[in-house]
Amino acid sequence: MRVLVPVDGSAPSNDALAYAFERFPDAEFIALYVMDPVDGATAWGPGRTNDWLSAAEERSETVLEAALDAADADVAITTDAVVGRPAHTVVEYADEHDVDHVVVGSHGRDGISRILLGSVAETVVRRSPVPVTVCRSP
């Protein structure tokens, strides 16, 4: 079984990774970091795009190293970092990489904050080609 866990260094994504290790002890895990180009929207301009990408790549390395450190020595885990919109990229990645299950963290926002901020977890649940477990954090 291949389990995809999107990670971003937040408490909810760390909780999702820990849950995945506990719930699927014999699985092969993929920790995926998505570098969102919208985060670099203010960095667009001559010579600034590369600055955003370099910073995003450095952040991805830090987050993915933490994911590797969170795994026990006997856990099969690989990491990957890609550029894209988080929810859509997670769904596409699951479809293209023979993933059997996705475990995603959620901040548990509701009401107007969810409407304004959107919900990566909700979009993944709605569009995923495979089962999704959402680990909700307060």
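The values are calculated or read from the model by the stated rules, or taken from the named source; none is laboratory data. This structure is a prediction, so every number in the text was calculated from the model and none was measured. Neighbour counts are summed over all protein chains in view; Cβ atoms, including those assigned to glycine, are modelled from backbone coordinates with ideal geometry.
Listing for the model above:
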quantity: Candidate set: segment 52-75, residues that are in a helix (DSSP H, G or I) and acidic (Asp, Glu); chosen: the one surrounded by the fewest Cβ atoms within 10 Å (Cβ to Cβ); calculated: Asp69
quantity: Some residue of segment 13-35 being surrounded by fewer than 19 Cβ atoms within 10 Å (Cβ to Cβ), at pLDDT below 95 and among the aliphatic types (A, V, I, L, M); calculated: no
quantity: Residue check for Asp51: among the acidic types (Asp, Glu), within 22 Å of His88 (Cα to Cα) and modelled with pLDDT under 95; calculated: no
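Conditions tested, residue by residue: (1) at pLDDT 85 or above; (2) out of contact with any His (no Cβ under 7 Å at 6 or more places or on another chain); (3) under 18 Å from Val7 (Cβ atoms).
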site	(1), (2), (3)
Val99	yes, yes, yes
Val102	yes, yes, yes
Gly111	no, yes, no
Leu117	no, yes, no
Ala121	yes, yes, yes
Arg127	yes, yes, no
Val130	yes, no, yes
Ser137	no, no, yes
